[in-house]
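One structure is given below, encoded as structure tokens.
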Amino acid sequence: MAGRVSFQASLLFALGLTLGCAVTTAAARRSGAQECGATTAAQVRTTLYFGSAKPTGSVSELEWQLFLRDEVTTRFPDGLTVWDAEGQWRAPKGTIEHERSKVLLLVHPDTGPARQSVQDVIDRYRKAFDQQSVLWETSRVCVAS
């Protein structure tokens, strides 16, 4: 059973990388407002992983900052966190590839408009920087009020 769960988790992760879709675990779906208590509020934590390699070079720090200002901050003005990362994966030809990445963490209400804003950010990044995918990871969290 453990091997099956591990395989399923790996498959979901790979699917998210390929399609830029949301990955939500069963545990994340079960947690909600009733588990947060009286002094906290249920929210959604969305983590997006943006690769920087382009067919003609890479996304520069200036390009990233402009994207962050124009596309992300306008949709999520209440706050966000960004950090640099280094990603790797096995390419179809079997080699291990490495890529500089940006990780974006957002905490927001679980609403249709917020989910659409996340999708819009992904779509704009993919189009602006000729990206195949953006990994979208989502979980429920409790936020102190």
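Under the simplified labelling scheme, the ALA41-VAL107 pair shows an inter-label distance of 1.1 nm, with each label point 7 Å from Cα along Cα→Cβ.
Calculated FRET efficiency, ASP84 to ARG124, Cβ-Cβ distance, R0 = 22 Å: about 0.60 to the nearest 0.05.
Using every pair of distinct Cα positions in segment 32-145, the Kirkwood expression returns a hydrodynamic radius of 15.4 angstrom. Extension gain, GLN116 to VAL143, is 7.6 nm, computed as 0.36 nm per intervening residue step minus the present C-alpha separation. Direction-averaged projected area, Cα convex hull, segment 61-104: 3.9 nm², rounded to one decimal.
All of the numbers you see were taken from the coordinates with simple rules; none came from a lab. Note that the structure is predicted; figures quoted are calculated from it, not measured. Cβ coordinates were reconstructed from backbone atoms using ideal geometry, including for glycine residues, and neighbour counts include every protein chain displayed.
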